[in-house]
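See structure below.
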Amino acid sequence: MPGFQYSSSQEEVLVQGPRVLVTGATGLLGRAVFKEFHSSGWMVIGTGYRRARPRFLRCDLTDEEAIRRLMHEHKPEVVVHCAAERRPDVVERHTEAAVSLNVHTTSTLAKEAAVCGAFFIYISTDYVFDGRNPPYGEDDSPNPLNVYGRSKLEGERETLRHCPGAVILRVPVLFGEVEFVTESAVTSLWLKVQEATEDSCALDHCQQRFPTDARDVASVCRKLSERARQDPSIRGIFHFSGKEQMTKYEMAVAMAQAFKQPSNHLVPLTEQPVGSTPRPINSQLNCSRLELLNLSVEPRAFAAAITDCLWPFTADKRWRQTVFH
């Protein structure tokens, strides 16, 4: 059925507070954003599609009329648009579907947010930059190298064209409390760590990344929303990022060390594979604008945060649950 609907066992949410709509609330970042706002007393409306479940709305965000009904029925004061196709290789293969979600859905949501008077946060990416001259400030010229980056940049432009009071929040690669280990490009490296066999496992040691915990991004979204309700000058482009610069190889080694696993089978790959989707070599974000406005948070240290996220996927998870839960 087109449009949106509550999942079959939807429960009434009686929380009275400011209303926030979180798109992609069943995804990695969306779950963290939903939880952050809910724990801070907001009334949260979360949307999902394939993974919709109780307490979430099932909504096809590529259906413009469904978005209009969603916005006009719930009249949120804030919209945090987390839903996106964020996997660069998938975007290259399924460009039309990705552009529909990353650009056209964003355009419709921005229009409806402006009509409803809602504060709109669009989650974007460091991949709007080419990585040749880091660190990048909010006013530096974007030059995306791949279709994913171009689609997110176009989403930024559509956002500001239709909703000039919106915020664009650019973030780098995310990890967090994943439902399955391959849900994040960061946590998926755990599978490589566990391949401790006689065969070596080559991992990229060229592209410099800044892995960032989705829980920290969620906190920034809440702080931006709370400030914007009091201060209409909170608008435009902001950057937020973890501070630790790491390649995939270095992330995997850090995971191995955190769990006291061998890492000698991990081999640094210092040349990018031929034919792979182009990615920026170092798209480090300068986050000073958030910091100057006291709207940032101190990013969680990678070793501690990745341990929090991965221990449910370790052999001793039952013991950990017994001791700590």
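The values are calculated or read from the model by the stated rules, or taken from the named source; none is laboratory data. From a predicted model like this one, the values you see are computed outputs, not experimental measurements. With ideal geometry, Cβ positions are generated from the backbone for all residues, glycine too; neighbour counts draw on all protein chains shown. In case anyone asks, the SASA skips ligands and DNA or RNA and just uses the protein heavy atoms, side chains included. Shrake-Rupley method; radii C 1.70, N 1.55, O 1.52, S 1.80 Å.
If R0 is taken as 30 Å, the Cβ-Cβ distance between T270 and T314 corresponds to a FRET efficiency of 0.50.
Using a probe of 1.4 angstrom, how much of the accessible area of segment 63-195 is carbon and sulfur, in percent?
C and S fraction of accessible area: 47 percent.
Estimated at 0.36 nm per residue, the fully extended path between Q245 and S40 surpasses their Cα-Cα distance by 70.7 nm. Once you put a point 7 Å from the Cα of E138 and another 7 Å from the Cα of A97, both along the Cβ direction, what distance in nm separates them? Each label point lies 7 Å from its Cα, and together they span 3.5 nm.
Could you tell me whether segment 168-325 comes out rounded, prolate or oblate from its Cα gyration tensor? Rule is a ≥ b ≥ c as square roots of the eigenvalues, rounded for a/c under 1.5, then prolate if a/b exceeds b/c, otherwise oblate. It is oblate, given that a/c is not under 1.5 and a/b is not larger than b/c. Return the single residue from N146, N102, N264 with maximal mean-square fluctuation; model: Gaussian network over the chain, springs between Cα atoms under 10 Å. Checking each option, the largest mean-square fluctuation is seen for N264.
Between N146 and E73, the FRET efficiency from the beta-carbon distance, with R0 = 35 Å, is close to 0.45. DSSP beta bridges confined to the chain are antiparallel in about 10 percent of cases. Each Lys or Arg adds one and each Asp or Glu subtracts one; over the other residues with Cβ under 14 Å from the Cβ of L70, this totals 0. Spatially, segment 177-214 and segment 109-171 are offset by 27 Å when compared through their Cα centroids.
Computed packing ranks the peptides 159-168, 270-279 as 159-168, 270-279, most packed first, by mean other Cβ atoms within 10 Å.
Across I123, I281, the residue with the most accessible area heads the list, and the full order at a 1.4 Å probe is I281, I123. Heavy-atom accessible surface of the chain, averaged per residue, reaches 47 Å², computed with a 1.4 Å probe. In loop segments of segment 184-274 as defined by DSSP, the trypsin sites (Lys or Arg not before Pro) with at most 11 further C-beta atoms inside 10 Å of their C-beta are K260.
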